[in-house]
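> Sending over a structure as structure tokens; questions will come in a sec.
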Amino acid sequence: MSRFDRTSAWPADRVAEARAVIADAAHHSDHLIRLACAVLSAHGETLTEREEAQRLLVVIDARRPVLRAQREDQARSAR
């Protein structure tokens, strides 16, 4: 059963969109994945779904410094 008011499709639509982004994470930006994780962490239907979204957010945030370092290295080698 959904945790949302049945008279409004808006929250359920956002959760469905967030699930779609997570399911196809390889084709979405880290920023969009972070937003999807935030939505699912707050509004996921099950505790497991909310916990997994939080874990994915930690992984995405941990990648951030590596990506920044790679961009800086590429910029240096281009000079």
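> Yes or no: A75 among the small types (G, A, S), at pLDDT 95 or above and more than 9 Å from the chain's Cα centre (by Cα)? Walk me through how you get there before you give the answer.
On the way: among the small types (G, A, S): yes; at pLDDT 95 or above: no; more than 9 Å from the chain's Cα centre (by Cα): yes.
Against the criterion (among the small types (G, A, S), at pLDDT 95 or above and more than 9 Å from the chain's Cα centre (by Cα)), A75 does not qualify.
> Does A36 count as over 14 Å from R14 (Cα atoms), out of contact with any His (no Cβ under 7 Å at 6 or more places or on another chain) and not polar (S, T, N, Q)? Spell out how you get there, then give the answer.
Details: over 14 Å from R14 (Cα atoms): no; out of contact with any His (no Cβ under 7 Å at 6 or more places or on another chain): yes; not polar (S, T, N, Q): yes.
Answer is no for this residue.
The values are calculated or read from the model by the stated rules, or taken from the named source; none is laboratory data. Please read all numbers here as calculations on a predicted model, not as lab measurements. Here the Cβ is made from the backbone with ideal geometry for all residues, glycine too, and neighbour counts use every protein chain on show.
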